[in-house]
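Colleague: One structure, pasted below without further comment.
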Amino acid sequence: MSHSLWRVAGCVLAVASLAGCSTVSQKWSQWRGTSSTPAAAQQPGVLQPSTETGRWQGVYSYEADSGRFLDCKTGQTVPVLMEGDNALLENAYMASRNGPNTAMLASVDGRIVERPSADPVMAQQGKKELALRVERFVSLSSATSCAGDKAKNLGVPVPVAAAAAAGQGGAKSAAAEQATVSLDNTYWKLLTLNGKAVPRLDKEAHIILQQQGRLVGSGGCNRLMGSWKQDGQQLQFGQVAGTRMACKGAASSTESAMLKMLGQVASWRIHGDQLELLDAKGKLLAQLQAVALR
């Protein structure tokens, strides 16, 4: 019996010792200023890499052939990666900005990711930087600065429905909900070309027929510039030229076919939010979907 009591007493002492070690360890960590709390939680208001997609609102600008995003919550500015839905954000910005140095309030769904520094010297030293990956372009407004929680209500939004941007059937685009969709001053996204669906490209193929007969857009690789003339249902495009970036694969074939198609257009018609371009014999050449700009 006495032997058993000694064994029980030994166990009690061992448990007490372990509890004491745990308490000492916890106090030692507090004394050193360390904690098991994640770093992101210790630094509120500072951008951190994120693994899940979230809603971001900030001021978007475009400089030196790349986008920059100033996050409204933290005030930090990060570059925008040229992937995901960046092309749609960039194209909408180019079409609606008032000047080369214009900044516009944007809302996007995306993630903050970490990548090697854009500076070659810093990259060789293993330095990294944060960047925004746009998973879905939500809206772009005429506001030029953040305004707290009220920022989302500023300006005139240029929304793009996720289903429409992905080309899913049966979903109406945001432009279709507008009271009217006009031929001019509308972002026309190319959907079909010569009866075939246009593949998803890094840069979205589109045209915008601006006032004074000016055409701007993208062939899926290069930026396009040209002229257009309308007389009732008759429509004609003048010489359309593009920048000289080398294009490969689907981007190259889509752009070539698009330029050829524009030269054959003789008339037009709009059904709902879709523009149809036809040749002189009434043959359907292309279908485009509207994203309204104001």
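Colleague: If you roll a 1.4 Å probe over the heavy atoms of the protein chains, what accessible area per residue do you get for region 179-294, in Å²? Could you put the intermediate results ahead of the total?
Modeller: Numbers: 6210 Å² over 116 residues.
I get 54 Å² per residue for this part.
Colleague: Would you list Met94, Met104, Met245 from the most to the least accessible area, probe 1.4 Å?
Modeller: Values: Met94 50, Met104 15, Met245 105 Å².
The ranking, largest first, comes out as Met245, Met94, Met104.
Colleague: Taking a 1.4 Å probe, which of His206, His271 shows the most accessible area, and what order do the others take after it?
Modeller: Details: His206 10, His271 110 Å².
Order by accessible area, largest first: His271, His206.
Colleague: Using 1/(1 + (r/R0)^6) with R0 = 35 angstrom and r between the beta carbons of Asp65 and Asp184, what's the FRET efficiency to the nearest 0.05?
Modeller: Efficiency, from the Cβ-Cβ distance: 0.80.
Colleague: Let me ask another. By accessible area of protein heavy atoms, probe 1.4 Å, what ranking do Met258, Met82 get, highest first?
Modeller: On the way: Met258 0, Met82 120 Å².
If we order Met258, Met82 from most to least accessible, we get Met82, Met258.
Colleague: If you don't mind, another one. Non-local amide H neighbours of Arg269 (under 5 Å, H modeled in plane, Pro and chain starts lacking H): which ones?
Modeller: Glu276
Colleague: Under the rule a/c < 1.5 gives rounded, and otherwise a/b versus b/c splits prolate from oblate, where does region 99-138 land using the Cα gyration tensor? Numbers along the way, then the final one.
Modeller: Numbers: a/c = 4.71, a/b = 1.66, b/c = 2.84.
Because a/c hits 1.5 or more and a/b fails to exceed b/c, region 99-138 counts as oblate.
Colleague: Cβ neighbours within 10 Å, averaged per peptide: list 278-285, 215-222 in order, most packed at the top. Working shown, then result.
Modeller: Details: 278-285: 12.9, 215-222: 22.9.
With the highest mean Cβ count within 10 Å placed first, the list reads 215-222, 278-285.
Colleague: Please report, in Å, the Rg and the Dmax of region 206-294, where both are computed over Cα atoms only.
Modeller: Here Rg and the maximum Cα pair distance are 12.9, 38 Å.
Colleague: Ignoring ligands, DNA and RNA, what percent of the 1.4 Å accessible area of region 209-294 is carbon and sulfur?
Modeller: Working: 2270 of 4740 Å².
Accessible surface attributable to carbon and sulfur in region 209-294 totals 48 percent.
Colleague: Between beta-carbons, use under 12 Å as the cut-off and find the net charge around Arg214, counting Lys and Arg +1, Asp and Glu -1.
Modeller: Values: positive: Lys229; negative: Asp184.
Surrounding charge for Arg214 is 0.
Colleague: Using a/c under 1.5 as the rounded threshold, could you call region 190-231 rounded, prolate or oblate? The axes a ≥ b ≥ c are square roots of the C-alpha gyration tensor eigenvalues, and prolate needs a/b larger than b/c, oblate otherwise. Write down the numbers at each step before the final one.
Modeller: Numbers: a/c = 3.35, a/b = 1.63, b/c = 2.06.
Verdict is oblate for region 190-231.
Colleague: Mind ordering 114-126, 131-143 by average Cβ neighbours within 10 Å, highest first?
Modeller: Details: 114-126: 11.2, 131-143: 21.2.
Final packing ranking: 131-143, 114-126.
The values are calculated or read from the model by the stated rules, or taken from the named source; none is laboratory data. The shown structure was predicted, so the numbers you read here are calculated from the model rather than taken from an experiment. All Cβ positions, glycine included, derive from the backbone under ideal geometry; neighbour counts span all protein chains shown. Note: areas computed on protein heavy atoms with side chains; ligands, DNA, RNA excluded. Shrake-Rupley method; radii C 1.70, N 1.55, O 1.52, S 1.80 Å.
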